[in-house]
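The values are calculated or read from the model by the stated rules, or taken from the named source; none is laboratory data. Remember, it's a predicted structure, so these values are computed and weren't measured experimentally. When we count neighbours, we look across all protein chains shown, and the Cβ atoms used for this are built from the backbone with ideal geometry, even at glycine.
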Amino acid sequence: MDVERKKTKIFERLQTVKDPEIPVISVVELGMIEDIVMHDDCILIKVLPTFLGCPAIDMIKDNLIQAVEAMGDRAEVEFIYAPPWTSDRITKEGREKLKKFGIAPPPAPPFRQGQWTVACPYCESLHTVLENVFGPAACRSMLYCKACKNPFEAMKPIFQKEREYHSCSK
Amino acid sequence: MTSKSSPEKVQLIEDKQALIELLYQLADDDFVLAFRGSEWLGLAPHIEEDIAFSSINQDTMGHAVLYYELLETLGEGKANVIAHERPASERRNAVLLELANGTGTYLEEPRFDWAFAVVRHYFYSVYKQEKLHVLEKSSFEPLAQLAANIQVELHYHVMHWKVWFQQLCLSGGEARKRMEAAIKQVWGEFAGVLSFGPIGDRMVKSQLLEAESAFHTRFIVEMKKIFSKVNVPYPGDPQMNSGDGRKGEHTGDLKAALATLSEVYDLDPHTVW
């Protein structure tokens with residue numbers, strides 16, 4: 001099997017690794033997998049952590065390794081911080097899944113600071129209010145829909161201010 | 001915890017000691033303040049605040065972990081060990097951040113001062129945002145990357161504390177009086193937060209961050225805007241009334257905090273959690 005095909009297979013496999021706190025969405029759909037590097041003796045998965053104090057991160061690491069090793073390869077996970085993870089890395093499919101789970105997805109890119117309009121994941125109304133930027137997990141905020149009178153959660157928008165990245169090759 | 005890459009880049013920094021000193025300051029500041037914040041859990045003015053404050057503390061402790069892990073890659077020992085086992089005299093956090101929340105303890109008669117919490121956390125968040133802004137340009141790339149990542153979370157912290165600060169300051173009556181007292185107390189220690197410490201000039205020389213005086217000036221400009229928004233006259237230069245934490249000078253409050261913080265860890269330091 002050539003390298004590219006193998007990589008694709010691994011990506012498919014990583015689809016089975018879900019966010020421990022939002023079990024409908026995979027780490028691939030969250031945009032956390034930055035790269036897969038094929039070494040002779042192991043497969044290195046480069047992962048962008050989402051929220052820095054997120055307690056799920058170690059669990060995700062173990063689950064990634066298990067998923068790849070179930071295919072018969074040795075795997076390693078490396079967390080990297082460039083580029084920073086931002087909420088607009090979540091894929092279209094991922095955004096749909098969040099919504100079905102009752103979590104409003106973060107605003108679609110391009111997102112501008114101070115312009116967060118959130119549609120209710122249940123009735124689509126824009127008549128919603130932010131109750132608490134901070135929610136039950138680091139990644140979520142709490143909102144209330146004035147139309148269907150449901151409380152709901154939304155993924156907190158995380159965006160990067162303009163910054164020039166010196167890449168690792170510097 | 002998360003593994004960090006690229007210890008080989010360390011060679012780019014000529015003055016490794018200055019880099020390590022800076023990282024200890026950043027790590028210890030976040031570590032002890034996240035602990036003080038956590039002591040408020042269940043005691044904050046209302047349940048929404050409990051959630052928000054806990055979330056902020058969780059972020060902040062996460063930032064401390066990243067700095068300790070970076071120190072680990074630089075050969076300082078295991079992150080858990082350097083976080084838990086260093087005595088107060090080796091800590092580099094500013095004294096302001098270690099001070100108890102009030103009288104009593106979390107378990108017994110906690111009479112914590114919410115005004116002090118708001119002012120301490122707000123001023124520290126503003127400071128931290130400015131500092132990260134500088135660190136994003138640091139010559140040590142792994143630190144510059146971390147700073148960029150942490151910065152995006154800080155945005156929400158500043159926003160949160162700003163609301164409390166402005167509303168309490170502008171509400172008059174007892175709230176105003178308590179906020180003024182808290183501002184006086186926090187400002188009386190804030191020079192310790194701003195300080196780069198005894199080898200700060202070497203950090204600057206290694207281009208880890210900008211000159212201390214330039215940083216100081218920029219921060220004061222920001223603070224003057226903040227004071228003027230709530231009609232508080234600028235209280236003059238910040239002071240360092242209770243010692244210079246960057247030199248290892250600390251109060252009894254830090255010793256007590258470390259004992260509490262490490263109580264479970266000390267039961268069996270070799271346990272894998």
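Listed here are the residues, each with its yes/no results for (1) small (Gly, Ala, Ser); (2) within 8 Å of chain B (Cβ to nearest Cβ); (3) touching a Ser or Thr at 6+ places or on another chain (Cβ under 9 Å).
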position: A:74; (1), (2), (3): no, no, no
position: A:78; (1), (2), (3): no, yes, yes
position: A:96; (1), (2), (3): no, no, no
position: A:102; (1), (2), (3): yes, no, no
position: A:108; (1), (2), (3): yes, no, no
position: A:119; (1), (2), (3): yes, no, yes
position: A:129; (1), (2), (3): no, no, no
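What pairs come out if I take residues in segment B:153-179 that are more than 14 Å from chain A (Cβ to nearest Cβ) and pair them with residues that are basic (Lys, Arg) and in a helix (DSSP H, G or I) whose C-beta lies under 8 Å away, six or more apart or interchain?
If the second residue must be basic (Lys, Arg) and in a helix (DSSP H, G or I), the pairs left are B:166/B:229; B:168/B:176; B:168/B:178; B:169/B:176; B:170/B:176.
What residue, among those in segment B:52-106 that are in contact with a strand residue (DSSP E or B) (Cβ under 9 Å, 6 or more places away or on another chain) and over 18 Å from residue B:33 (Cβ atoms), is nearest to the other protein chains (Cβ to nearest Cβ)?
Only one residue tops the list, namely B:104.
Count, please, the residues in segment B:219-248 that happen to be in a loop (DSSP other than H, G, I, E, B), among the acidic types (Asp, Glu) and surrounded by fewer than 16 Cβ atoms within 10 Å (Cβ to Cβ). Steps first, please.
First pass over segment B:219-248, keeping only residues in a loop (DSSP other than H, G, I, E, B): B:230-244, B:248.
Checking the rest, the ones that are also among the acidic types (Asp, Glu) come to B:237, B:244.
With the extra rule that they be surrounded by fewer than 16 Cβ atoms within 10 Å (Cβ to Cβ), the set shrinks to B:237.
So the answer is 1.
Going through segment A:45-69 one residue at a time, which ones are more than 17 Å from the chain's Cα centre (by Cα) and surrounded by 15 or more Cβ atoms within 10 Å (Cβ to Cβ)? Let's see the steps before the verdict.
So the first thing to find is which residues in segment A:45-69 are more than 17 Å from the chain's Cα centre (by Cα), and the list is A:65-69.
Residues satisfying the conditions are A:65, A:67, A:68.
Output the residues belonging to segment A:13-41 that are more than 16 Å from the chain's Cα centre (by Cα) and exposed (fewer than 15 other Cβ atoms within 10 Å of the Cβ). So that I can check it myself, show each step before the final result.
Keep residues of segment A:13-41 that are more than 16 Å from the chain's Cα centre (by Cα), which gives A:13, A:36-41.
Within segment A:13-41, A:37, A:38, A:39, A:40, A:41 meet the criteria.
Can you tell me how many residues within segment B:232-256 are touching a residue at least 60 places away in the same chain (Cβ under 8 Å) and under 23 Å from residue B:170 (Cα atoms)?
Filtering segment B:232-256 for residues touching a residue at least 60 places away in the same chain (Cβ under 8 Å) gives B:232, B:240, B:242-246, B:248-251, B:253-256.
Subsequent filtering for residues that are under 23 Å from residue B:170 (Cα atoms) retains B:232.
So the count comes out to 1.
Only residues that are under 21 Å from residue B:70 (Cβ atoms), touching a strand residue (DSSP E or B) at 6+ places or on another chain (Cβ under 8 Å) and not aromatic (Phe, Trp, Tyr): list them for segment A:56-82, please.
Within segment A:56-82, the subset under 21 Å from residue B:70 (Cβ atoms) is A:57-58, A:60-61, A:76-82.
If we keep only those that are touching a strand residue (DSSP E or B) at 6+ places or on another chain (Cβ under 8 Å) as well, we get A:57, A:60-61, A:76-80.
Result: A:57, A:60, A:61, A:76, A:77, A:78, A:80.
From A:23, A:55, which residue is without any contact (Cβ under 8 Å) to a residue 12 or more places away in the chain and assigned to a strand (DSSP E or B)?
On the way: A:55 fails: assigned to a strand (DSSP E or B).
After ruling out the rest, the residue left standing is A:23.
State which residue is modelled with the highest pLDDT when the search covers only segment A:88-127 and only residues that are touching a helix residue (DSSP H, G or I) at 6+ places or on another chain (Cβ under 9 Å), surrounded by 13 or more Cβ atoms within 10 Å (Cβ to Cβ) and among the small types (Gly, Ala, Ser).
Among them, the one singled out is A:104.
Collect the residues in segment A:47-60 that are closer than 22 Å to residue A:7 by Cα and in contact with a Phe, Trp or Tyr (Cβ under 8 Å, 6 or more places away or on another chain), keeping them in residue-number order. First the steps, then the outcome.
If we filter segment A:47-60 for residues that are closer than 22 Å to residue A:7 by Cα, which is where we start, we get A:47-49, A:60.
Scanning segment A:47-60 gives A:47, A:48, A:49.
Can you name every residue in segment B:193-240 that is of a type in the set (Gly, Ala, Ser) and touching a Lys or Arg at 6+ places or on another chain (Cβ under 7 Å)? Break it down into steps so the answer makes sense when it comes.
Step one: filter segment B:193-240 for residues of a type in the set (Gly, Ala, Ser), giving B:195, B:197, B:200, B:206, B:211, B:213-214, B:228, B:236.
Within segment B:193-240, B:195, B:197 qualify.
Counting residues that are at pLDDT below 95 and farther than 18 Å from residue B:18 by Cα, which helices (runs of 4 or more DSSP H) fully inside segment B:134-209 reach at least 1?
Working: elements: B:141-170, B:173-187, B:190-194, B:200-205.
Passing ranges, in order: B:141-170.
For segment B:137-155, which positions are charged (D, E, K, R) and either at positive phi or surrounded by fewer than 21 Cβ atoms within 10 Å (Cβ to Cβ) (or both)?
Residues of segment B:137-155 charged (D, E, K, R): B:137, B:141, B:153.
Listed by number, the residues that qualify are B:137, B:141.
Can you name every residue in segment A:58-93 that is outside any loop (DSSP other than H, G, I, E, B), farther than 28 Å from residue B:61 by Cβ and in contact (Cβ under 8 Å) with a residue 40 or more places away in the chain? Show your work before the answer.
Initially, segment A:58-93 is screened for residues outside any loop (DSSP other than H, G, I, E, B), giving A:58-69, A:75-79, A:87-89, A:92-93.
So of that shortlist, the ones also farther than 28 Å from residue B:61 by Cβ come out as A:67-69, A:75, A:92-93.
A:67, A:68, A:93, listed by residue number.
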